[in-house]
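One structure is given here, and the rest of the page talks about it.
The values are calculated or read from the model by the stated rules, or taken from the named source; none is laboratory data. Fair warning: this is a prediction, and the values are worked out from it, not measured in the lab. Neighbour counts run over all protein chains shown; Cβ positions are idealised from the backbone, glycine included.
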Amino acid sequence: MDKVANVARTEIDKPSLRARAIRMIAIGEVGVIAALIILIALFYVIQPAFLSERNIRAILQVVSFVGIIAIGQTLLLVCGEFDLSVGSVAGLAAVVSAKLMTTFGMPVPIALIGGLATGGMIGLVNGLVVVRLRIPAFIQTLGMLFIGQGLIQVVTNGAPVYPLPDSVGAIGMQTIVFGLGWSFVFFVVAAIIADFVLRRTVLGRNMYATGGNPEVAQLVGINTNAYKVGAFIAIGMLAAVAGMFVMADLSSGTTSIGSGWELTVIAGVVVGGVSLFGGAGTLAGGIVGILLLQVVSSGLVVIGVSSNWQQIAIGVIMVVAVGLDIARRRYFTVGAGAAGGE
């Protein structure tokens, strides 16, 4: 009898196949990774040149720039906020740094620190306005987007800033691995560190609590305002780094640096399962989402589809991703609970 009872108890405790399936589907990365694999296979079948070394390198190069900002955007979204000004911040930091090197003749390290400080200060302003003045992040960062674009024109008078010191161009031209430069190395290292922080540290758990349920987080002693302001500063500085890497790659501070990055970054991390509602998502998912969007853009070009369709495709993918996020919250969580009780 005891043996029979133990077997029965084991069967009761063992999660059902349906429960396991629901838990797996509920993980945001699973769907986007599957979609990424399917898209890569599809583009390869249509045009084998899609997986050429040159095209893969081009995809990773773009991802390394935008992905740096995606790291900050993921951290900020986990905290329950988002930033639409990252493209302008990247461009402004780049031209400020370039101007410090040329017009003011400052040493390259000091000029780079100036660009980094520019991004950090804008992030600080965004964060304080959002948490202290209670202005929604959408309004504040959208306004900062336009302010940043205007400041870029003021700083540069609408003209590229050059010539930059040879050492800056050398940074942009240097290859470290697979024909990719320091931007890719920085991206990988920053992603690993940020992923560890989110998954394995108290800081990461507090960030999830801040975005998931700020009222409860405050009750248990978490300073949610400090976490949000810190995340705004982080994304501002990361945007500055990305912009300055592009500046080094181009060997000039052009007014087009960062143009359109804000929507690409938000679309990518949301497609990767990072929730717009805060408190959910992973850095790995956000990066895979950025990679997926770049694969779509590159794949459509390689197979000869008009560039006009790229924006349509990205827009459709983002809407579907947000819809799936909402469905996952409403259905899969309930389904997992129901299945677990079977």
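So for region 243-258 (the condition being buried (at least 16 other Cβ atoms within 10 Å of the Cβ) and in contact with an Asp or Glu (Cβ under 6 Å, 6 or more places away or on another chain)), does at least one residue qualify?
Taking every residue of region 243-258 in turn, none turns out to be buried (at least 16 other Cβ atoms within 10 Å of the Cβ) and in contact with an Asp or Glu (Cβ under 6 Å, 6 or more places away or on another chain).
Going through 102, 10 one at a time, which residue ends up being at pLDDT below 95, within 26 Å of residue 145 (Cβ to Cβ), more than 20 Å from the chain's Cα centre (by Cα) and of a type in the set (Ser, Thr, Tyr)?
Sole residue among the options that is at pLDDT below 95, within 26 Å of residue 145 (Cβ to Cβ), more than 20 Å from the chain's Cα centre (by Cα) and of a type in the set (Ser, Thr, Tyr): 102.
So which residues in region 129-138 are surrounded by fewer than 16 Cβ atoms within 10 Å (Cβ to Cβ), in a helix (DSSP H, G or I) and under 23 Å from the mean Cα position of the chain (by Cα), if there are any at all?
138
Quick check: is even one residue across region 132-149 touching a strand residue (DSSP E or B) at 6+ places or on another chain (Cβ under 7 Å) and either over 26 Å from residue 223 (Cβ atoms) or at pLDDT below 95 (or both)?
no
Could you run through region 290-315 and say how many residues are touching a Leu at 6+ places or on another chain (Cβ under 9 Å) and under 20 Å from residue 194 (Cβ atoms)?
3
Scan region 192-222 for residues that are over 19 Å from residue 274 (Cα atoms) and of a type in the set (A, V, I, L, M, F, W, C) and jot them down.
Across region 192-222, the qualifying residues are 202, 216, 217, 219, 220, 222.
Kindly check whether there is at least one residue in region 52-62 that is in a helix (DSSP H, G or I) and either touching a Phe, Trp or Tyr at 6+ places or on another chain (Cβ under 6 Å) or at pLDDT 95 or above (or both).
no
Please give the number of the condition residue 265 fails out of (1) touching a Leu at 6+ places or on another chain (Cβ under 9 Å); (2) buried (at least 24 other Cβ atoms within 10 Å of the Cβ); (3) at pLDDT 90 or above.
The failed condition is (1).
When you go through 197, 229, 188 one by one, which is the residue that is out of contact with any Pro (no Cβ under 9 Å at 6 or more places or on another chain), closer than 19 Å to residue 124 by Cα and surrounded by fewer than 24 Cβ atoms within 10 Å (Cβ to Cβ)?
229
Restricting attention to region 68-107, which residues are in a helix (DSSP H, G or I), among the aliphatic types (A, V, I, L, M) and surrounded by fewer than 24 Cβ atoms within 10 Å (Cβ to Cβ)?
Across region 68-107, the qualifying residue is only 100.
For residue 242, indicate whether it is more than 19 Å from residue 148 (Cα to Cα) and in a helix (DSSP H, G or I).
When the stated conditions are applied, residue 242 does not pass them.
Among the residues of region 80-97, which ones are over 17 Å from residue 146 (Cβ atoms) and modelled with pLDDT of 95 or more?
Matches in region 80-97: 94, 96, 97.
State the number of residues belonging to region 160-203 that are in contact with a Gly (Cβ under 8 Å, 6 or more places away or on another chain), closer than 17 Å to residue 98 by Cα and either not aliphatic (A, V, I, L, M) or not in a helix (DSSP H, G or I) (or both).
5
Can you tell me which of (1) outside any helix (DSSP H, G or I); (2) touching a helix residue (DSSP H, G or I) at 6+ places or on another chain (Cβ under 8 Å); (3) free of Cβ contacts under 8 Å to residues at least 12 places away in the same chain is the one residue 216 doesn't meet?
Condition not satisfied by residue 216: (1).
Condition test on residue 202, is it more than 21 Å from residue 61 (Cβ to Cβ) and touching a residue at least 40 places away in the same chain (Cβ under 8 Å)?
Taking the combined requirement at face value, the residue does not satisfy it.
Considering only region 19-27, I want to know if a residue exists there that is loosely packed, with under 14 Cβ neighbours inside 10 Å and either at pLDDT below 90 or under 30 Å from residue 304 (Cα atoms) (or both).
Yes: one or more hits.
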